[in-house]
Every structure is written in structure tokens, then in C-alpha cells.
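**Student:** One structure is given below, represented as C-alpha cells, and several questions about it will come after.
The values are calculated or read from the model by the stated rules, or taken from the named source; none is laboratory data. As the structure is a computational prediction, the values presented were derived from the model and not from experiment. Because the Cβ atoms are built from the backbone with ideal geometry, glycine has one as well, and the counts that use them run over all protein chains shown.
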Amino acid sequence: MLTLYHNPHSRSMIVHYMLHELGEPFEIEPIDLKAGDQKKPDFLSLNPMGKIPVLRDDDVIVTEAPAILTYLADKYSKGGLAPAIDAPDRARYLKWMFFYGSCFEPAMVDISLKRDTPPSMAGWGKPADVLDTLSAALIPGPWLLGDSFSAADVLIGSGIGYMLGFNVLPERPEYVAYWERIQARPAHKAAKAADAATLAG
Ligand SMILES: N[C@@H](CCC(=O)N[C@@H](CS)C(=O)NCC(=O)O)C(=O)O
């Protein structure tokens, strides 16, 4: 059985959405971030970083959202959400799975804090280049791999939605249209509805 340690107001919503795309049964272990559940010894034994998401797959623990999505897509999507290991698109797919943590997130922090990290020191270079790289990948779309929706869209699409919501990402038409396409997916609607029901108590 798959168990997601989850709080709807956190990055674990990316994995929650992914689980709905997969259609695989799973359980939620609620984490109260304000109460500090993520810093308690039992939780730290799963993830010493004291952060969610954490996924348990029977005896296997996976942490870090991009790693969890990569794991789930490879193990459970029967090729539906990740190109096969020898498919030509696998390289492009992996690039986006790594781009999220190594370029997208740090660039968003730079923009949010109005911080100028020297581009030659930063692995993500200039935030403007991150924005333009995303734009070029999303035109014409509909997905990062063209016509094939993949776990990379679950990851990058969720990040784009989150950052548009926080007014960190500029409202470029290609970002807004992509986020609308993600939100129109039945799995995204189902994940959102499940979180809303939990929050309503
Ligand atoms: N690099 C991690 C980031 C996880 C993360 O920052 N989680 C936040 C919630 S969005 C968290 O658990 N914060 C609680 C804390 O730092 O105490 C990933 O991609 O999974």
C-alpha cells in the first residue's frame, strides 16, 4: 500500500495530484505543519530533513517530490506517465524532472526575495533564462513533451500553478494556458476536491 505524508498547503500536493493521475490506491497520513509533526522523532526517522512530502511504499521510503514522482511513474504508470528508459524522449523527460529542483525552485526564490545570485555561481543561472526556457518549452505545447502528458507536467505544472498563485511567476500567456490545461485534468480536479473535503473537516 502507498502512503503519502501530506498537508494540502504544501509541496506534498504535487504527489497527491500524481497519485490521482496514477489511479493507484493510496492512504493519507496527515501532517500538521503548524503543530510541528514534521520535526517529531518518528517523522525524522523517515525524512531527516523534517519536510514533506514523504511517500511510503510498503517498506520503501521515498523523499523529495521529483524523486517520488520519478519513482511512482516508473513503477506504477505502466509507461503512461514516463517515457521508457530507452525511448528518445526519456532524456528530455529526465531533464525536466531535474530542472524543477535544480533550476525552477531556486530561481523562484531569487525572484521572490528580489535576490541577485551571481549567475556564474548559481547552477540555475539567471532567473530570466529559467523563465524563457520554460516559455520556449510550453510553446506550442500542450505538454512539456509535446502531445505526451507525463509526470514532468505534474511536477512543473504544479510548480507553475503555485508560483502564479503567489505572483512570483509573471502571467505570461503560455504559463497561464498551461496551468489551465493542468487544472482541467480530471485527476487534478479530484485531488483538489479531496483536499477541500479534508480541509472542510
Ligand atoms: N526539496 C523538498 C522540499 C520539501 C519542502 O520544502 N516541504 C515543506 C512544505 S512545502 C515542508 O515540509 N516544510 C516544513 C518545515 O520546513 O518545517 C521536496 O521537493 O520535496
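**Student:** Please indicate, with yes or no, whether at least one residue in the range 39-49 is assigned to a strand (DSSP E or B) and away from the ligand (no atom under 12 Å from the Cβ).
**Tutor:** Looking through the range 39-49, none of the residues is assigned to a strand (DSSP E or B) and away from the ligand (no atom under 12 Å from the Cβ).
**Student:** Taking the stated definitions as given, is LYS114 closer than 28 Å to ASP74 by Cα and without any contact (Cβ under 8 Å) to a residue 24 or more places away in the chain?
**Tutor:** no
**Student:** Restricting to the range 101-135, what's the tally of residues that are crowded, with 16+ Cβ neighbours inside 10 Å and touching a Gly at 6+ places or on another chain (Cβ under 6 Å)?
**Tutor:** Residues that pass the stated criteria total 1.
**Student:** So, one more: From (1) over 18 Å from the mean Cα position of the chain (by Cα); (2) of a type outside the set (Phe, Trp, Tyr); (3) under 18 Å from TYR5 (Cβ atoms); (4) within 16 Å of the ligand (Cβ to nearest atom), pick out the condition that doesn't hold for SER112.
**Tutor:** Failing condition for SER112: (3).
**Student:** While we're on this one: When PRO106 is evaluated against the numbered criteria (1) out of contact with any Phe, Trp or Tyr (no Cβ under 6 Å at 6 or more places or on another chain); (2) assigned by TED's automatic domain parsing to the domain that holds GLY161, which criterion, by number, is the only one it fails?
**Tutor:** The one condition PRO106 does not meet is (1).
**Student:** To continue, here is another question. Out of (1) touching a helix residue (DSSP H, G or I) at 6+ places or on another chain (Cβ under 7 Å); (2) farther than 19 Å from HIS188 by Cα; (3) surrounded by 17 or more Cβ atoms within 10 Å (Cβ to Cβ), the odd one out for ALA84 is which?
**Tutor:** Failed condition: (3).
**Student:** State all residues of the range 142-158 that are within 28 Å of PRO8 (Cα to Cα) and assigned to a loop (DSSP other than H, G, I, E, B); if no residue qualifies, say none.
**Tutor:** PRO142, LEU144, PHE149, SER150
**Student:** Among the residues that make up the range 82-99, is at least one of them among the charged types (D, E, K, R) and either in contact with a Leu (Cβ under 7 Å, 6 or more places away or on another chain) or at pLDDT below 95 (or both)?
**Tutor:** Yes, the range 82-99 contains at least one residue that is among the charged types (D, E, K, R) and either in contact with a Leu (Cβ under 7 Å, 6 or more places away or on another chain) or at pLDDT below 95 (or both).
**Student:** Oh, and also: Of the residues PRO25, PRO48, PRO8, which is under 18 Å from ALA194 (Cβ atoms) and either over 18 Å from the mean Cα position of the chain (by Cα) or in the same structural domain as GLY165 (by TED's automatic domain parsing) (or both)?
**Tutor:** When all the criteria are applied, what remains is PRO25.
**Student:** If you scan the range 72-109, which residues turn out to be over 17 Å from the mean Cα position of the chain (by Cα), part of a helix (DSSP H, G or I) and small (Gly, Ala, Ser)?
**Tutor:** Once the filter is applied, which keeps residues that are over 17 Å from the mean Cα position of the chain (by Cα), part of a helix (DSSP H, G or I) and small (Gly, Ala, Ser), the range 72-109 yields only ALA91.
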